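For reference, the structure discussed in these notes is given below.
Please treat every number below as a calculation from the coordinates, not as lab data. Nothing here was measured: the structure is a model prediction, and the numbers come from that model. Positions of Cβ are backbone-derived with ideal geometry, glycine not excepted, and every protein chain shown enters the neighbour counts.
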Amino acid sequence: MSPRAWIAALIFPAIAMAQGDALIQNAKKEAEVVVYTSLISEDLTALSQAFEKKYGIKVQGWRASSEKVVQRTLTEARANRHAADVVETNGPELESLYREKVLRPITTRHSPDLMPQAIRAHGHWVGSRIAMFVQTYNTNLVRKEDLPKSYADLTHPRWKGRLGIEAEDEDWFAMVVKELGEEQGLRIFREIARVNGFSVRKGHTLLAGLVASGEVPFSLTTYSHGAEKMKQRGAPVEWYAIEPAIGRANGIAIAKTPAHPNAAALFVDFVLSPDGQKILEQGGYVPANLKVGNPAQKLPLKFVDPVVILDESDKWKKLWDEIVLKAAK
């Protein structure tokens with residue numbers, strides 16, 4: 001593939017005539033791309049600035065929780081409003097948007113370089129970054145020798161009133177329980193809830209900050225990138241992973257009827273390219289592109305299956321509510 005023809009691999013039907021330099025020029029004529037995302041604001045800014053510097057195309061970003069990203073995308077699509085060009089958020093949420101038929105199929109020249117878990121057979125979204133669920137603790141409040149080596153260790157009374165958990169992590173919960181064996185896994189979490197309870201907080205960034213401040217001594221569900229940011233800022237925070245370690249492919253998609261289709265295609269390609277992936281890596285994420293060579297890509301993670309999570313959604317939401325949310329302290 002010639003140096004300038006590679007973008008042809010990202011073309012979808014609405015702009016099938018545009019290739020290579022033509023796509024770049026068409027994207028520049030559109031002048032902007034609108035991105036709905038759950039990325040941390042500073043990471044969205046870093047990606048946007050790099051893209052704007054390279055192509056001279058403005059990124060209009062709207063950042064919210066993954067739940068709100070889905071809600072706004074669906075609401076606008078049903079109202080026949082086409083504000084979003086690109087949606088970048090959690091895998092299960094993107095899978096739900098695919099099922100609602102509000103995304104369009106895309107292909108990418110980077111497919112051979114991506115982790116297998118980043119590729120969806122239906123082709124309507126692509127994994128762009130891997131979120132690692134990790135356990136985070138305040139080093140002033142938790143001694144390293146007391147750290148739990150298994151989830152069963154969290155049933156010890158020393159953890160009473162000290163355990164934080166994010167309010168919407170039932171996908172993590174489902175995967176951990178499945179990996180432990182459903183009967184045993186549910187028994188362990190019920191015992192943790194009975195003996196020690198959970199401090200339920202909404203937002204992974206908030207939860208990481210509460211660990212850093214000492215309000216929550218130990219968090220069961222922090223993203224590695226959030227914990228690492230706190231650590232880099234000098235907070236008394238450390239993180240590790242209790243097995244089974246759980247990862248989730250978060251991804252990127254193009255809206256079914258984008259107002260700026262060429263710019264959307266170009267932005268997706270940039271995010272999946274080594275340049276874009278290195279920016280995500282600098283933010284503490286595990287990049288999906290293997291060419292970046294991040295050591296965490298080789299960890300034995302168990303990945304959230306977005307299809308299973310959606311198909312069994314009612315079951316796991318009920319168990320999550322019964323075991324975790326009702327045990328909130």
Are there DSSP H segments in the chain that both extend 27 Å or more along their axis (alpha-carbon positions) and score a mean Kyte-Doolittle hydropathy of at least 0.0? List them, or say none. none
Points 7 angstrom from Cα along the Cβ direction at residue 54 and residue 275: gap in nanometres? 0.4 nm
Give the lysines reachable from residue 302 as a straight Cα distance under 18 Å; neighbours fewer than 8 places away on the same chain don't count. 149, 178
Take every DSSP beta bridge with both residues inside the chain and express the antiparallel ones as a percent of the total, to the nearest 5. 60 percent
Which residue fluctuates the most in the chain, going by a Gaussian network model with Cα springs under 10 Å, if the choices are 190, 233, 120? 233
Enter the Cα centre distance for the pair the range 250-329 and the range 145-224, rounded to the nearest angstrom. 21 Å
Spacing of the two label points (7 Å from each Cα toward its C-beta) at residue 140 and residue 233, in nm: 1.5 nm
So, in nm, how far is label residue 100 from label residue 308 when the simple model puts each one 7 Å beyond its Cα toward the Cβ? 2.5 nm
Excluding residues on the same chain fewer than 8 positions from residue 202, give the lysines whose Cα lies under 19 Å from its Cα. 68, 229, 317, 318, 326, 329
Once you sort the root eigenvalues of the Cα gyration tensor of the range 207-329 as a ≥ b ≥ c, which label holds: rounded (a/c under 1.5), prolate (a/b larger than b/c) or oblate (the other case)? oblate
In straight Cα distance, which lysines are under 26 Å from residue 29, not counting same-chain residues fewer than 8 positions off? 53, 54, 58, 256
At R0 = 41 Å the Cβ-Cβ FRET efficiency linking residue 215 and residue 22, nearest 0.05, sits at 0.15
Per DSSP, the loop-located GluC sites (Glu not before Pro) within the range 202-273 having at most 15 other beta carbons within 10 Å are 215
Would you mind checking the range 174-189 for residues with the amide N under 16 Å from a putative spin-label position 7 Å along Cα→C-beta of residue 315? 174-187
